[in-house]
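Written below as structure tokens is the structure these notes are about.
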Amino acid sequence: MGNRRDAEAGMSFRTPIHQMDDIQKDWFATAMVAVVLADGNVSQGEVESLMNTISFLHDPEVVDRLKKFLQYQTPPPLSAFIGWEKELKNRAAMLLDLIEVAVADRDFSEPEKEKFYEIGKILGFPTTKIDELIAMGHKFMEALPE
């Protein structure tokens, strides 16, 4: 699908958000919150940016739940991602988008990498593929404007 922009999202996603059901969108947003909270150091600016990024969520209860995790700086638990079992390209797109979220603060800490491995395994990727995506994350970070 290319680098498609969801009409209501605050970020340009590789993930085809428009093909996700509400449960998948909830999972994806929860994964973003988990990555941001992984290092335990979240600024107000990061929270505001993240809330803008997950504006594709339309259920106020889901948004409130995620805000509470951010408020208490507690990473949310992640269950299995349901769907796209034969769509590894879409699952990989989610991981790439999650990397961009993780490196937005110009830091890719060890706890963030550990969370990323956890999410990659949940999505069914082998460690070698996750390593490749982490290497891409470092390249994303280097390419960020000053």
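Within the stretch 37-64, track down each residue that is within 16 Å of the chain's Cα centre (by Cα) and charged (D, E, K, R).
Scanning the stretch 37-64 gives 39, 46, 48.
Considering only the stretch 68-84, state which residues are among the small types (Gly, Ala, Ser) and without any contact (Cβ under 8 Å) to a residue 12 or more places away in the chain. It would help to see each step written out before you state the result.
Going through the stretch 68-84, the residues among the small types (Gly, Ala, Ser) turn out to be 79-80, 83.
Listed by number, the list is empty, since nothing qualifies.
Quick one: in the stretch 15-48, of everything that is surrounded by 18 or more Cβ atoms within 10 Å (Cβ to Cβ) and more than 19 Å from residue 63 (Cβ to Cβ), which residue is modelled with the lowest pLDDT?
39
Take the conditions aromatic (Phe, Trp, Tyr), more than 18 Å from residue 108 (Cα to Cα), surrounded by fewer than 19 Cβ atoms within 10 Å (Cβ to Cβ) and touching a helix residue (DSSP H, G or I) at 6+ places or on another chain (Cβ under 9 Å) and apply them to residue 56. Does it pass? Quick ask: steps written out before the conclusion?
Values: aromatic (Phe, Trp, Tyr): yes; more than 18 Å from residue 108 (Cα to Cα): yes; surrounded by fewer than 19 Cβ atoms within 10 Å (Cβ to Cβ): no; touching a helix residue (DSSP H, G or I) at 6+ places or on another chain (Cβ under 9 Å): yes.
So residue 56 does not fit the description; no.
Can you tell me how many residues in the stretch 117-146 are within 15 Å of the chain's Cα centre (by Cα) and at positive phi?
0
Filter the stretch 119-129 down to the residues that are surrounded by fewer than 19 Cβ atoms within 10 Å (Cβ to Cβ) and in contact with a helix residue (DSSP H, G or I) (Cβ under 8 Å, 6 or more places away or on another chain) and list them by number.
Going through the stretch 119-129, the residues surrounded by fewer than 19 Cβ atoms within 10 Å (Cβ to Cβ) turn out to be 121-122, 124, 126-129.
Matches in the stretch 119-129: 121, 124, 127, 129.
Restricting attention to the stretch 44-75, which residues are closer than 19 Å to residue 113 by Cα and not in a helix (DSSP H, G or I)?
73, 74, 75, listed by residue number.
From (1) farther than 20 Å from residue 38 by Cα; (2) in contact with a strand residue (DSSP E or B) (Cβ under 9 Å, 6 or more places away or on another chain); (3) of a type in the set (Asp, Glu), pick out the condition that doesn't hold for residue 97.
Just one mismatch for residue 97, condition (1).
Could you please find all residues in the stretch 85-117 being surrounded by 17 or more Cβ atoms within 10 Å (Cβ to Cβ), out of contact with any Phe, Trp or Tyr (no Cβ under 8 Å at 6 or more places or on another chain) and without any contact (Cβ under 8 Å) to a residue 60 or more places away in the chain?
Passing the criteria: 104, 108, 113.
The values are calculated or read from the model by the stated rules, or taken from the named source; none is laboratory data. Since the model is a prediction, treat every value here as computed from it, not as a measurement. As a convention, Cβ positions derive from the backbone with ideal geometry for all residues, glycine included, and neighbour counts pool all protein chains shown.
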